[in-house]
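Throughout, read-outs are computed from the coordinates displayed, never taken from laboratory work. Just so it is clear, the structure is predicted and the values come from calculations on it, not from any experiment. Reconstructed Cβ throughout: ideal geometry from the backbone, glycine too, with neighbour counts over all protein chains shown.
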Amino acid sequence: MTALVVQDLRKSFGGVEAAKGITFTVAESELLALIGPNGAGKSTCFNMLNGQLKPDSGSIKLFGQEIVGKRPREVWRMGVGRTFQITATFGSMTVIENVQMALLSHHRRLRAMIPFAGDLYRDEAWELLELVGMADQAGRACGTLAYGDLKRLELAIALANQPRVLLMDEPTAGMAPRERVQLMQLTADIVRARGVSVLFTEHDMDVVFTHADRVMVLNRGELIAQGSPQEVRNNSDVQSIYLGSGALYGAEPAMEASA
Amino acid sequence: MDFLFVQFLNGLASASSLFLVASGLSIIFGVTRIVNFAHGAFYMLGAYIAYTLTQHLTGVVGFWTALLLAALIVAALGALIEMTLLRRIYDAPELFQLLATFGLTLMVEDLVVMIWGPMELLGPRAPGLEGAVPVFGQLFPAYDFVLIALGPVVLGGLWLLFKKTRWGVLVRAATQDRTMVSALGVNQSWLFTSVFALGIFLAALGGAVQIPREAVHHMMDLQIIVEVFVVVVIGGLGNVFGAFLAAVIISELNAFGILLFPKISLVLVFLVMAVVLVVRPHGLLGKAESDSRPAIGTAIEPFRRFGTRGRNAMVAVLLGLALVPLFAGNYLMSVGTELLIFALFAASLHLMMGVGGMVSFGHAAYFGLGAYGAGLLVKYLGAPMEAALVAGPVLAVAGAILFGWFCVRLSGVYLAMLTLAFAQIVWSIMFQWYDVTGGDNGILGIWPSRWASDPMVFYYVTLALCAACIYAIRRIVFSPFGYAVRGCRDSVMRAESIGIDRQRIQWLAFTLAGTFAGIAGTLYAYLKGSVFPDVVGIPTSVDGLVMVLLGGLQTVGGPIVGAAAYKALSIWMTSQIDFWKLVLGALIVVLVIAFPEGIAGFWQRRVSPLFRRSETEEEAIP
């Protein structure tokens, strides 16, 4: 079954059309990359998918249910998790408390005033942190984390809700090359194990071509190509518009699938 | 009709002075992001110095020179204060700057009395403009025509300054993006100092030109600062045209409000402000803040639950408090009761401000509503203390639910100003609705039931209630709900994206904070045996702010320490020192500079780690 069906999504800001009728689908357990140059409309597209922006027209269906018109928190409750391009976490809480917060919301315990929040869902939070390799930092204040660790924490937070679809906006931006591959490998493993679909944007082509099942290319608000990484790489439109001369990502991939 | 027109001119004349002061505040805020509470104090200084100078400089030239010179002197003083004081705390959270400038205000209030005495001073009339001009058969002071012209002239001057000079371009650039401007190699310190001096010059000039119109007195500062807050908020912070527009609107509202709705004239202004803020959250001509500073408390350490030691310490403190009546006399016991009440008040404010990130300039509203709730129950129903203690806070709860609904739609400085507006609405109702509340005669005869009339018994009643409430607040802070509230403060985006309904959570937190403040207010009414409009006044709200900030936002216990320290200090000083405001103000300024993290924060960061070494980490990870 398809997880997400996006049809003819349009959005303009003043005179700028950031999305000119975007249509695509995300299959279950699929890792789908959305790439495109700066200003192509990737973030706009993401913001519409999780309810932060209301599209001018079009529809987004999550397992048959309409998302358009819902607020971010309602979209989250429907099972769409999100990590941000610029990380957003609760800076005054510890790492594990950040995950516990998401779990409290997931279990609808937000208005409980009697129990101690720190005692609730601690084991569950601990497991999630272990999953993303952050367990050793569970007690640290979130504001003191390195950027790459914040990204991994965000992944744990998103997973706390047992999402069916995960939106990851530049999950590896600002990370060292080795970290990037590790994080995406981790994501891919988790996603396949749990049957989650992932849509992610990314500027690092190594990451994209190594991990994505499918790639979509967005340019000036329009999808100009989609298909397997191989097809997209060889698409001449993509090469000219997005990859320039194409010299860097020629027929012979420059993928050393980093050790 | 003629009369109305003259009233309209009257409004315009008042608008000019208000605009001068407000534009100064607005410009300072735009560039330095400091909400300068001392702005009213500089306005007052301008008036006093102008008064003195006009005693020596006479004649047409002398008079106007005196006004200008007064403004320049105050501006130089402002620049000096900026360089020695404010420059040290630009990086601190905005509330600390507010606190520091509030300290300055207290100092200036006393200095003014020391130098010029407590009496009202009547300035000279402007030479050559003493008379009145007939307008449609009504007499209108000639001087006021000059004032009417002054506003637009200054507005035009500011416009030229900002549009046509290099300095003006830099100021506009800094208003939009400070970091970028400094990255371009502009000397920030100099820019800030000059902007601050200009802002203060405008405030002082606004005060100086008022001397032919109204008597100079040492309470002008609070009066104007509230109106100025209203003006900049309605006009949009950082926008000079907005300040002009709003100054005219407010002054005309004042001029006609008195005629049309004498009963609610005071409420009218604040009602308009509330409506504007809800419809246009950033003021009529304001824009959303571009570089919204991290909300208070985001950069701080996680709150810590008590370890065994902490719990033992708390039990010891509680026992100590319970033993107080054994050695304290009646006076000391009533002081102790008051401290307990204010500890609860401060803790309730901290719940909203420190935990919830919603800064309140008007927390006195709920304290006062709790006090009046009890007062009205006694006055009209003859309710006994037991019933009033339960039902009194209900009025505060209702107020918090109503006002909170509006407030949580905003954030940051605007939210703070809206809380101020609501507090002033409550104050106006208590002050003006004479038939019901007794106006400034207050409500008397709110005495405890016979069994609790002994100061010792009442002390224990207060101790039990306050301790229970503070414990409840603490439990809430560490409960899932408390975490959700804190989450909304830390990152709205993250909170919304994990399914937290920010507005609802904040509304509930607002209401809870109001409820606890209301309980404190009810107790206060019984302690004093009476209620007056002062309990809702700005000084009460500011006292709360000072307590919380002094104690430190970073800790849950801080505000309680702050409340005890500040209240004890101010009770002691008011009884011992003539110029206690001067000392208290100076103390606040020094404390802000020395301990920007507050007393308890300082303790937690510097002192407590020395002890904690020995204690094993209780929060061990499984």
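Points worth noting:
- Inter-label distance for B:Ala594 and B:Asn330, nm, one decimal - labels placed 7 Å from Cα along Cα-to-Cβ: 3.8 nm
- Its alpha carbons give region B:118-188 an Rg and a Dmax of 20.7, 61 Å.
- Under a Gaussian network description of chain A, with springs only between Cα atoms under 10 Å, the residue in A:Ile67, A:Ile35, A:Ile190 that fluctuates furthest is A:Ile190.
- When both region A:47-87 and region B:211-250 are represented by their alpha-carbon centers, they are found 45 Å apart.
- The protein assembly as shown - charge dipole about Cα centre, Lys and Arg +1 at Cβ, Asp and Glu -1, debye rounded to 20: 400 debye
- Rel. contact order, % - alpha carbon contacts under 8 angstrom, at least six apart, chain A: 25 percent
- When only the Cβ of Lys, Arg, Asp and Glu is charged (+1, +1, -1, -1), the dipole of chain B relative to its Cα centre reaches about 1360 debye.
- The aspartates and glutamates within cross-link reach of A:Lys11, meaning a Cα-to-Cα straight distance under 16 Å and a gap of 8 or more places when in the same chain, are A:Asp56, A:Glu222.
- For region A:91-162, radius of gyration divided by Kirkwood radius, i.e. Rg to Rh on alpha-carbons: 0.95
- In a simple Cβ point-charge model (Lys, Arg +1; Asp, Glu -1; nothing else charged), chain A has a dipole of about 960 debye relative to its Cα centre.
- Taking every C-alpha pair closer than 8 Å and separated by at least 6 residues, the mean separation divided by the residue count of region A:91-162 gives a relative contact order of 49 percent.
- Derived scalar couplings between HN and Hα for region A:58-68 equal x, 9, 10, 10, 9, 6, x, 9, 6, 9, 4 Hz in order, rounded to whole Hz, by the Karplus curve 6.51 cos²θ - 1.76 cosθ + 1.60 (θ = phi - 60°), x for Gly and Pro.
- Helical segments meeting 27 Å axial Cα length and Kyte-Doolittle 1.6 threshold in chain B (DSSP H): B:59-84, B:240-260, B:385-407
- Solution diffusion estimate, µm²/s, Stokes-Einstein, region B:9-279, Kirkwood Rh from C-alpha pairs, 25 °C, viscosity 0.890 mPa s: 129 µm²/s
- Computed [θ] at 222 nm, deg cm²/dmol, chain A (DSSP H ≥ 4; -39,500 (n - 2.57); rounded to nearest 500): -9500 deg cm²/dmol
- With the charge dipole of region B:335-610 set up from +1 on Lys and Arg Cβ and -1 on Asp and Glu Cβ about the Cα centre, the Cα lying farthest toward the positive end among the listed residues B:Ile577, B:Phe342, B:Phe431 is that of B:Phe342.
- Taking other C-beta atoms within 10 angstrom as a stand-in for reagent exposure, B:Cys469, A:Cys142 fall in the order B:Cys469, A:Cys142, fewest first.
- Computed over chain B, the per-residue total of -39500 (n - 2.57) for DSSP H runs of n ≥ 4 gives a 222 nm mean residue ellipticity of -23500 deg cm²/dmol, rounded to 500.
- Within-12-Å neighbourhood charge of B:Lys528 [Cβ basis; K, R +1; D, E -1]: -2
- Along the axis of the charge dipole computed for region A:104-183 (Cβ charges of +1 for Lys and Arg, -1 for Asp and Glu, origin at the Cα centre), the listed residues A:Tyr147, A:Leu183, A:His107 are led at the positive end by A:His107.
- Square roots of five times the Cα gyration tensor eigenvalues for region B:17-98, Å: 29, 13, 9
- Within the listed set A:His107, A:His211, A:His203, the residue fluctuating most in the Gaussian network model of chain A (springs between alpha-carbon atoms under 10 angstrom) is A:His107.
- Chain B - percent relative contact order, Cα under 8 Å, separation 6 or more: 20 percent
- Counting DSSP beta bridges with both ends in chain A, the antiparallel % (nearest 5): 55 percent
- Farthest toward the positive end of the dipole of chain B, out of B:Gly552, B:Val209, B:Ala416, is the Cα of B:Gly552, where the dipole comes from beta carbon charges about the Cα centre.
- For B:Lys379, the lysines whose Cα falls under 27 Å of its own Cα, not counting residues fewer than eight places away in the same chain, are B:Lys263, B:Lys528.
- Per-q log10 I(q)/I(0), the protein assembly as shown, q = 0.07, 0.08, 0.09 Å⁻¹ (Debye; single scatterer per alpha-carbon; no solvent): -0.65, -0.83, -1.01
- Per residue, the convex hull volume that the Cα atoms of region B:205-290 enclose (Å³): 112 Å³
- Distance from the C-alpha centroid of region B:137-182 to that of region B:10-79: 14 Å, rounded to the whole angstrom.
- Most mobile listed residue (A:Phe90, A:Phe13, A:Phe209) in chain A, GNM with C-alpha springs under 10 Å: A:Phe13
- Summarising the strand pairing of the protein assembly as shown, around 65 percent of its internal DSSP beta bridges are antiparallel.
- Inter-part distance, region B:538-577 to region A:151-174, computed on C-alpha centroids, equals 44 Å.
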